[in-house]
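K.L.:
Sharing a structure with you now.
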Amino acid sequence: MPKTETFRSYKHRLDTALDNRFLRRAMDNFAVAYRTSRQNAFAGMDVDELVQQVADVKAGAIRNNAALLQQFTAKARAHGIHVHVADTAEDANRIIEEIAQKTGSKRIVKSKSMTAEEIHLNPWLETRGLAVTETDLGEWIVQLRKEGPSHMVMPAIHLSRFQVADLFTDVTGTDQDPEIERLVKVARQALREKFVEADMGITGANYAVADTGTLGIATNEGNARLVTTLPKVHVALVGIDKLVPTIADALTINRILPKNATGQAITSYVTWITGPSECKTAETGQREMHIVFLDNGRSRIAADPEFSQVLQCVRCGACANVCPVYRMVGGHQMGHIYIGAIGLITTYFFHGLENAKNLVKNCTNCGACKAVCAGGIDLPHLIKQVHARIQDETGHPLQSLMLAKVLKNRKLFHRLLRTAWLAQQPVLDRSDQARTMPGSGSGQPSDTGFLRHLPMIFSSDHNFRRLPAIARVPFRDRFADLNQPVDTPRFTIALFSGCVQDFVYPEHLEAAMRGFARYNIQVLFPMNQSCCGLPAVSMGETAAARDVALQNLDAMAVNGNNYDGVDYIVTLCASCASHLTHGVPKLVKEYAPEKAAAFAKKVVPFSVFMNDILGLDPVPGAGRKTAFHSPCHLCRGLDVHQSPRHLIEKSGNRYVPTEEEETCCGFGGSFSTTFPAVSREILTRKLDDVAASNADLLVTECPGCVLQLKGGAAQQGRNITVCHIAELLFP
């Protein structure tokens, strides 16, 4: 892959991957199976506590990395181990090459090592005339195919057994049966000779224990033990981020690593090495062991207060396992060397912005990676930060700059939205069917409706869903007529509308207002509020997002500079709620930290307010089978799971669970316009899952999800009605 790959070329690779039916099926089956196996592996354990323990161990080790390296080096040398430190990938390659030359090593066997992939070790050695053989089955397969791994733990997950059989047939010159056990026997027979003949074995390591000078390696095939014991020379290539103080710290990490990686309780082999193998060689009698510690930018990451947490990664690959984009296109498109969410970040540091600039856009910001990260890394946030840094270094695209300028000027932004109502008239679908309010069963016309089609200036790829029209009258212009005075309110709330519900789906907010009136809630609507700022963050416009955040903090302060004038700040958009709660305090931490903290404490999503705080009363209803799509920022961003389900039951309808309830719908804000083909496939998978439940009503709590699901269902002719949960409760 050329380093200067254009964005158009990258999108073409994604589209090609989407057409690979086996890849799609394999990724889909794995994603579903992994979810269950991981849950079973962690049964009865406090996963959050375990993750925090791992994060603490790794963070402490990062802070004390230099001292740990010095301690490890002294201990290792006392055990007869040669220790080298490489500042760059080139340094590490050169050191290993020199070890091979000095020891007369010509034939090399390797066990699985992502660090070796990172520095392109194999090509370096092969161009020097050395024979290098991967001995992990998956790594050997992709080596024979002359491609990189598509997953950090399962490098050949993208291949079928039939493809492997064809490959082995070519390699051996004999027709091979695609039965898996027979293919394994072929590999075992071919590799056994390589083990015996090898002069040097190269491994990575999962842990480098400083107080004993011990390496720890977790594997499933046992090949690493042969690599470390049979050849006369063992070289371990280890990132300095693998250093930990004690064996207890290493075991803490090992409690979570296999469970998070593959859903197994423990790997088949956990090998601890303290010194060279004691087995004598026929030639020299004494075996050698070398450890090459690799920096390659890790010290720079450790010194960065924003990104130091990246080094808490334990290389489990779980961030890819749960990624909706990886599930659609596989690892060769969802990474450079390192795969998945962590790869989107580390590519920038290890392999440069040219290799990272397209990758970092390919994220729906669904938060699934953060939710399963064994190291407690805020992966979605860091992906956006990398995106912003790259744009700062290379220049912000015109579209991004225009968005930033518009969002920072609330009056201009709202004026453009009002003007858009007029501009859309030539493509507005005026049929009654397009304007029926979902969920009410009343056939009442909605305010929004659909556009008939997109203007021709847009790519046809974007017509995978029908898009809503801008409302003729935004909610802010209706609020005064809708708001009823309350003599003895149960609560006083400030309503944060967000731009989409204010100007596109005002009917969501109108339904909520009916509910607030029914339960004696005093509602305030600060007119100076604007977009929450999340779109600016998604497009790498951090400065604009910060300015918008500060404006909203002032706008929502209905009682001077604090928020004591309201009991809660309620929003019907889960994405807004999550961003206001978590994103805004990060954005303004150097400008208004106390004000942002006070603001964030007041913010609650609509379902939590109605179910947990207000205690909505159950009502009789039609008992329609109703599925729920949980917005990513609700279930993961805010850890809200049960409240919407309870509200569905209280509405008089019957909640129907679905397998993919908490899986991203593919909207992701600007993601769906940047990668429409991938967004389409994620959406289709979601709608297929709802259809399989036989639900005829799909409820959600985010206007972006409504836009994606409602528009997708309409375009695909699905017999699924989509609505916001407020419309379900108060039709």
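The values are calculated or read from the model by the stated rules, or taken from the named source; none is laboratory data. Remember, predicted model here, so these are calculated numbers, not experimental data. A quick note on method: Cβ atoms are made from the backbone with ideal geometry, for glycine too, and the neighbour counts reach across all protein chains shown.
K.L.:
If I ask for residues that are over 14 Å from the mean Cα position of the chain (by Cα) and under 29 Å from V57 (Cα atoms), which ones from the stretch 317-338 would you list?
P.N.:
Within the stretch 317-338, H336, I337 qualify.
K.L.:
From the list S113, S160, S150, which one is under 20 Å from D199 (Cα atoms), hydroxyl-bearing (S, T, Y) and touching a residue at least 12 places away in the same chain (Cβ under 8 Å)?
P.N.:
When all the criteria are applied, what remains is S113.
K.L.:
Going through D166, D175 one at a time, which residue ends up being free of Cβ contacts under 8 Å to residues at least 24 places away in the same chain and over 22 Å from H332 (Cβ atoms)? Can you show your working first?
P.N.:
Details: D166 fails: over 22 Å from H332 (Cβ atoms).
The conditions single out D175.
K.L.:
Identify all residues within the stretch 39-86 that are in contact with a Leu (Cβ under 6 Å, 6 or more places away or on another chain) and either surrounded by fewer than 16 Cβ atoms within 10 Å (Cβ to Cβ) or more than 19 Å from L311 (Cα to Cα) (or both); write none if there are none.
P.N.:
none
K.L.:
Continuing with this model, one more query. Does A61 satisfy the condition of being at pLDDT below 95, under 36 Å from the mean Cα position of the chain (by Cα) and either small (G, A, S) or not in a helix (DSSP H, G or I) (or both)?
P.N.:
Working: at pLDDT below 95: no; under 36 Å from the mean Cα position of the chain (by Cα): yes; either small (G, A, S) or not in a helix (DSSP H, G or I) (or both): yes.
The answer is no for A61.
K.L.:
Continuing with this model, one more query. Condition first: farther than 15 Å from G668 by Cβ, aliphatic (A, V, I, L, M) and in contact with a Leu (Cβ under 8 Å, 6 or more places away or on another chain). Now tell me which residues in the stretch 678-727 satisfy that.
P.N.:
Hits for the stretch 678-727 are L687, V690, L697, L698, V699, A713, I720, V722, I725, A726.
K.L.:
Please work out which residue is surrounded by the most Cβ atoms within 10 Å (Cβ to Cβ), limiting yourself to the stretch 695-721 and to residues that are among the small types (G, A, S) and assigned to a loop (DSSP other than H, G, I, E, B). Spell out how you get there, then give the answer.
P.N.:
Taking the stretch 695-721 and keeping what is among the small types (G, A, S), we get 695, 704, 711-714, 717.
When the remaining residues are screened for being assigned to a loop (DSSP other than H, G, I, E, B), the result is 695, 717.
Details: A695: 23, G717: 7.
Looking at the filtered set, the residue picked out is A695.
K.L.:
Out of the stretch 104-138, which residues are assigned to a helix (DSSP H, G or I), at pLDDT 95 or above and not hydrophobic (A, V, I, L, M, F, W, C)?
P.N.:
T115, E117, E118, N122, P123, E126, T127
K.L.:
Now for a separate question. Identify, from the list A388, A374, the residue that is of a type in the set (G, A, S) and not in a helix (DSSP H, G or I). First the steps, then the outcome.
P.N.:
On the way: A388 fails: not in a helix (DSSP H, G or I).
Just a single option satisfies the conditions, and that option is A374.
K.L.:
Among the residues of the stretch 168-185, which ones are surrounded by fewer than 18 Cβ atoms within 10 Å (Cβ to Cβ) and not acidic (D, E)?
P.N.:
Taking the stretch 168-185 first, the residues surrounded by fewer than 18 Cβ atoms within 10 Å (Cβ to Cβ) are 169-175, 177-182, 184-185.
Matches in the stretch 168-185: T169, V171, T172, G173, T174, P178, I180, R182, V184, K185.
K.L.:
Quick test of your reading of the structure: A627 fulfils all but one of (1) among the small types (G, A, S); (2) at pLDDT below 95; (3) over 17 Å from G498 (Cα atoms). Name the failing condition by number.
P.N.:
Checking A627 against (1) among the small types (G, A, S); (2) at pLDDT below 95; (3) over 17 Å from G498 (Cα atoms), the one that fails is (2).
This table checks each residue for (1) of a type in the set (F, W, Y); (2) modelled with pLDDT of 95 or more; (3) more than 26 Å from M27 (Cβ to Cβ).
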{"residue": "T700", "(1), (2), (3)": "no, yes, no"}
{"residue": "A714", "(1), (2), (3)": "no, no, yes"}
{"residue": "C723", "(1), (2), (3)": "no, yes, yes"}
{"residue": "A726", "(1), (2), (3)": "no, yes, yes"}
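K.L.:
Let me spell it out: the conditions are (1) within 17 Å of V608 (Cα to Cα); (2) modelled with pLDDT under 95, and S643 meets all of them except one. Which number is the exception?
P.N.:
The number of the failed condition is (2).
K.L.:
Now a separate question. Just the residues that are farther than 18 Å from E701 by Cβ and among the polar types (S, T, N, Q), please, taken from the stretch 491-547.
P.N.:
T492, N520, Q522, N528, Q529, S530, S538, T542
K.L.:
Right, next: Just wondering, is there one or more residues in the stretch 648-658 that are more than 28 Å from E510 (Cα to Cα) and among the charged types (D, E, K, R)? Please lay out each step first, then the result.
P.N.:
Initial filter on the stretch 648-658 (more than 28 Å from E510 (Cα to Cα)): 658.
Adding the requirement that they be among the charged types (D, E, K, R) leaves none.
No; the residues of the stretch 648-658 include none that is more than 28 Å from E510 (Cα to Cα) and among the charged types (D, E, K, R).
K.L.:
Restricting attention to the stretch 127-141, does a residue exist that is surrounded by fewer than 17 Cβ atoms within 10 Å (Cβ to Cβ), under 20 Å from Y338 (Cβ atoms), within 29 Å of the chain's Cα centre (by Cα) and in the same structural domain as Q189 (by TED's automatic domain parsing)? Quick ask: steps written out before the conclusion?
P.N.:
Just the residues of the stretch 127-141 that are surrounded by fewer than 17 Cβ atoms within 10 Å (Cβ to Cβ), to begin with: 127-129, 131.
Those left that are additionally under 20 Å from Y338 (Cβ atoms): none.
No.
K.L.:
Give all pairs with beta carbons closer than 8 Å in which a residue from the stretch 50-73 that is farther than 11 Å from I240 by Cβ and in contact (Cβ under 8 Å) with a residue 24 or more places away in the chain meets a residue that is surrounded by fewer than 16 Cβ atoms within 10 Å (Cβ to Cβ) and acidic (D, E); count only pairs at least 6 apart in sequence or on separate chains.
P.N.:
Q71/D211
K.L.:
Can you tell me how many residues within the stretch 37-54 are part of a helix (DSSP H, G or I) and either more than 14 Å from A318 (Cβ to Cβ) or assigned by TED's automatic domain parsing to the domain that holds T658 (or both)? Full working, then the answer.
P.N.:
Just the residues of the stretch 37-54 that are part of a helix (DSSP H, G or I), to begin with: 37-41, 47-54.
Cutting the leftovers down to either more than 14 Å from A318 (Cβ to Cβ) or assigned by TED's automatic domain parsing to the domain that holds T658 (or both) gives us 40, 48-49, 52-53.
Final tally of qualifying residues: 5.
K.L.:
Taking V314, is it β-branched (V, I, T), assigned to a helix (DSSP H, G or I) and not assigned by TED's automatic domain parsing to the domain that holds S630?
P.N.:
Working: β-branched (V, I, T): yes; assigned to a helix (DSSP H, G or I): no; not assigned by TED's automatic domain parsing to the domain that holds S630: yes.
No.
K.L.:
Further question: Considering only residues that are hydroxyl-bearing (S, T, Y) and over 22 Å from C499 (Cβ atoms), which ones fall in the stretch 692-713? Write out each step before concluding.
P.N.:
Our first condition is that a residue be hydroxyl-bearing (S, T, Y); within the stretch 692-713, this holds for 693, 700.
S693, the sole residue that qualifies.
K.L.:
One residue is enough: does the stretch 152-167 have a residue meeting the conditions of a type in the set (S, T, N, Q) and touching a helix residue (DSSP H, G or I) at 6+ places or on another chain (Cβ under 7 Å)?
P.N.:
For the stretch 152-167, residues of a type in the set (S, T, N, Q) and touching a helix residue (DSSP H, G or I) at 6+ places or on another chain (Cβ under 7 Å): present.
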